[in-house]
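The structure appears below as structure tokens.
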Amino acid sequence: MNKRIIRTAAIFGMLAVAMGAFGAHALKARLSPEALGLWKTAVEYHFYHTLALLLLAAFFKLKGRLINAASYGFTFGIIFFSGSLYLLALREVFNADYGSILGPVTPFGGLLFIAGWFCLLLAALKNKNA
């Protein structure tokens with residue numbers, strides 16, 4: 001097992017639960033339905049890729065650079081994709097217009113997710129025991 005990946009997944013898991021609860025309770029009355037939708041999408045992808053990290057560490061006996069690359073793709077994908085959506089959803093609360101800055105960050109995070117899954121695929125194809 002890769003302890004670094006497990007620690008990262010544990011931290012992201014705690015944050016995902018906290019962000020989901022925060023959105024459901026503290027933000028529900030303060031955000032528009034569209035902004036709440038962004039928040040929900042951020043939480044969902046945050047959770048999906050936290051679980052993917054955990055699975056990488058706990059269940060895959062694959063090791064090496066491709067697994068590490070997959071973990072970094074998922075980790076930074078969460079930060080850029082979900083993080084930018086969290087901030088975009090909060091524009092109404094902060095009364096800020098930083099959408100033009102964050103708009104390109106979200107797809108970059110999505111590309112990191114895709115790269116992470118691709119690295120996992122390559123690792124599985126490369127490993128004869130997978």
*Just give me the residues in region 92-130 being surrounded by 14 or more Cβ atoms within 10 Å (Cβ to Cβ), assigned to a helix (DSSP H, G or I) and polar (S, T, N, Q), in sequence order.*
Thr106
*Hey, among the residues in region 29-60 that are in contact with a helix residue (DSSP H, G or I) (Cβ under 7 Å, 6 or more places away or on another chain) and outside any helix (DSSP H, G or I), which one's nearest to Arg4 (Cα to Cα)?*
Phe60
*asked:* Condition first: of a type outside the set (Val, Ile, Thr) and either open to solvent by less than 70 Å² (accessible area, probe 1.4 Å) or closer than 21 Å to Val93 by Cα (or both). Now tell me which residues in region 5-21 satisfy that.
replied: Ala9, Ala10, Phe12, Gly13, Leu15, Ala16, Ala18, Met19, Gly20, Ala21
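Residue by residue, here is whether (1) modelled with pLDDT under 90; (2) open to solvent by 70 Å² or more (accessible area, probe 1.4 Å) holds:
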site	(1), (2)
Gly23	no, no
Arg30	no, yes
Ala35	no, no
Thr41	no, no
Leu51	no, yes
Ala57	yes, no
Ala69	no, no
Phe80	no, yes
Leu87	no, yes
*Which members of region 105-126 meet the condition of being in contact with a His (Cβ under 9 Å, 6 or more places away or on another chain) and either modelled with pLDDT under 95 or closer than 14 Å to Leu85 by Cβ (or both)?*
Phe113
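The values are calculated or read from the model by the stated rules, or taken from the named source; none is laboratory data. It should be emphasised that the depicted structure is a prediction, and the values quoted were computed from it without experimental measurement. As a convention, Cβ positions derive from the backbone with ideal geometry for all residues, glycine included, and neighbour counts pool all protein chains shown. The protein model used for the area step is the full one, side chains on, heavy atoms only, and it has no ligands, DNA or RNA in it. Shrake-Rupley method; radii C 1.70, N 1.55, O 1.52, S 1.80 Å.
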